[in-house]
Amino acid sequence: MSKRSIAVKPAQTLEIILPGGRSKDVVFNMEALMLFTEEFGDISRISEEHLNRPYETASMILYAGMAVLDSSTTIEDAKEIMVGGGVALLAEIMHMFQESFSEIDQEELKKNLIPVINKHLKLNRAQRRAVARV
């Protein structure tokens, strides 16, 4: 019998301190990547978007990372946070996102993994929304 192993990187988490002392956690993991893809389309367009509209792109990444932990999060929430966070937040989000997914073979991901994870993600999101309604 052969033994298989896999190296696992911890998810990148960012804590954003909001006015009044509240905070929001943002996670950069596969679920956030899948949510981004589901909501905004192909992940390969990020680099093009970043060159033309970096705050919009960062807002979408921020939304996906927040929505993984809090299903009531909206894209408007993320945009509002981006406006308040300025260049420092923009740079940190882009850096953490790139660091989290720099080792992923994009073509292999799109071909093999995304369909499987999307199936599980849709089930997971439906369950979270059902619980939120209760």
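The values are calculated or read from the model by the stated rules, or taken from the named source; none is laboratory data. Everything numeric here is computed off the predicted structure, so don't read it as measured data. As a convention, Cβ positions derive from the backbone with ideal geometry for all residues, glycine included, and neighbour counts pool all protein chains shown.
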Q: State which residue is modelled with the lowest pLDDT when the search covers only the range 1-37 and only residues that are assigned to a loop (DSSP other than H, G, I, E, B) and surrounded by 14 or more Cβ atoms within 10 Å (Cβ to Cβ).
A: Ala11
Q | Output for the range 62-81, where each listed residue is touching a Lys or Arg at 6+ places or on another chain (Cβ under 9 Å), within 15 Å of Leu18 (Cβ to Cβ) and surrounded by fewer than 22 Cβ atoms within 10 Å (Cβ to Cβ) | A | Leu69, Asp70, Thr73, Asp77, Ile81
Q) If you go through the range 82-96 one residue at a time, how many are aliphatic (A, V, I, L, M) and exposed (fewer than 12 other Cβ atoms within 10 Å of the Cβ)? A) 3
